[in-house]
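Data first, discussion second: the structure below is written as structure tokens.
The values are calculated or read from the model by the stated rules, or taken from the named source; none is laboratory data. The model shown is predicted, which means the values in this text are computed figures rather than measured ones. Heads up, the Cβs are rebuilt from the backbone with ideal geometry, glycines too, and the neighbour counts pull from every protein chain shown. SASA here: full protein model, heavy atoms, side chains in, ligands and nucleic acids out. Shrake-Rupley method; radii C 1.70, N 1.55, O 1.52, S 1.80 Å.
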Amino acid sequence: MNILYICTHNRCRSILSEAITNDIGGGRIQAFSAGSQPSGEVHPLSIRYLQERGIDTAGLKSQSWDVFETEPLDVVVTVCDSAANESCPIWLGESLKVHWGLPDPSKLEGSEEEIKAAFYRVMDTIERRVEGLLSLDLGSLSPEQLRAELEKIAAVQ
């Protein structure tokens, strides 16, 4: 399964989702991330906290969703509310779309420990959702059944 995580600026939540999915996906899922208005850089704390957890950060970059125009994508997951409300490019029309909203830990103001805790909470949520995805028998689900399961997983915090 090829999954694309979208967040408007592709610098934090979608990056975390890509890295964590590829880390625990065991080759069953290939994850990518992109944004409609990419910032051009990955948030440094995203890299820091992924590395603290031993998750590979090589190759992570903030990029436009246009990069994936010719890629076969099975699922497109928006992780920020603004991306969920954007009009997706027409070429995403064939992909199953779902929203897995996540709070933005990069916008939090507070102590270093509070910010770290916020990043870790988001990373824990992503891990639980990906584990839920991996527990599915992906080959046996119809697109409608997969959408329903992905929407159930979205409720996991």
Filter pass, THR70 being in contact with a helix residue (DSSP H, G or I) (Cβ under 6 Å, 6 or more places away or on another chain), part of a loop (DSSP other than H, G, I, E, B) and of a type outside the set (A, V, I, L, M): no
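Check ILE153, ILE115 and return the single one that is at pLDDT 95 or above and either closer than 15 Å to THR78 by Cβ or of a type in the set (Ser, Thr, Tyr) (or both). Walk me through how you get there before you give the answer.
Working: ILE115 fails: either closer than 15 Å to THR78 by Cβ or of a type in the set (Ser, Thr, Tyr) (or both).
When all the criteria are applied, what remains is ILE153.
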When segment 136-157 is checked residue by residue, the ones that are open to solvent by less than 50 Å² (accessible area, probe 1.4 Å) and either in contact with a strand residue (DSSP E or B) (Cβ under 8 Å, 6 or more places away or on another chain) or small (Gly, Ala, Ser) (or both) are SER142, LEU146, ALA148, LEU150, ALA154
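Just to verify a result, which residue in segment 100-130, among those that are among the aliphatic types (A, V, I, L, M) and in a loop (DSSP other than H, G, I, E, B), is nearest to ASP23 (Cα to Cα)? Lay out the reasoning, then the answer.
Just the residues of segment 100-130 that are among the aliphatic types (A, V, I, L, M), to begin with: 102, 108, 115, 117-118, 122-123, 126, 130.
From the residues that got through so far, the ones that are in a loop (DSSP other than H, G, I, E, B) too are 102, 108.
Details: LEU102: 19, LEU108: 26 Å.
Here the answer is LEU102.
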Restricting to segment 104-115, name every residue that is out of contact with any Phe, Trp or Tyr (no Cβ under 6 Å at 6 or more places or on another chain) and open to solvent by less than 60 Å² (accessible area, probe 1.4 Å). ASP104, SER106, GLY110, SER111, ILE115
Could you check LEU133 against (1) farther than 17 Å from ASN22 by Cβ; (2) in contact (Cβ under 8 Å) with a residue 40 or more places away in the chain; (3) surrounded by 14 or more Cβ atoms within 10 Å (Cβ to Cβ) and say which number it fails? (1)
Unmet criterion (only one of (1) at pLDDT below 90; (2) open to solvent by 30 Å² or more (accessible area, probe 1.4 Å)) for PRO89: (2)
Can you pull out the residues in segment 1-56 that are in a loop (DSSP other than H, G, I, E, B), crowded, with 19+ Cβ neighbours inside 10 Å and not β-branched (Val, Ile, Thr)? CYS7, HIS9, ASN10, ARG11, CYS12, SER36, PRO38, HIS43
The lone exception for SER106 - which of (1) of a type in the set (Ser, Thr, Tyr); (2) without any contact (Cβ under 8 Å) to a residue 60 or more places away in the chain; (3) under 21 Å from LEU45 (Cα atoms) it fails: (2)
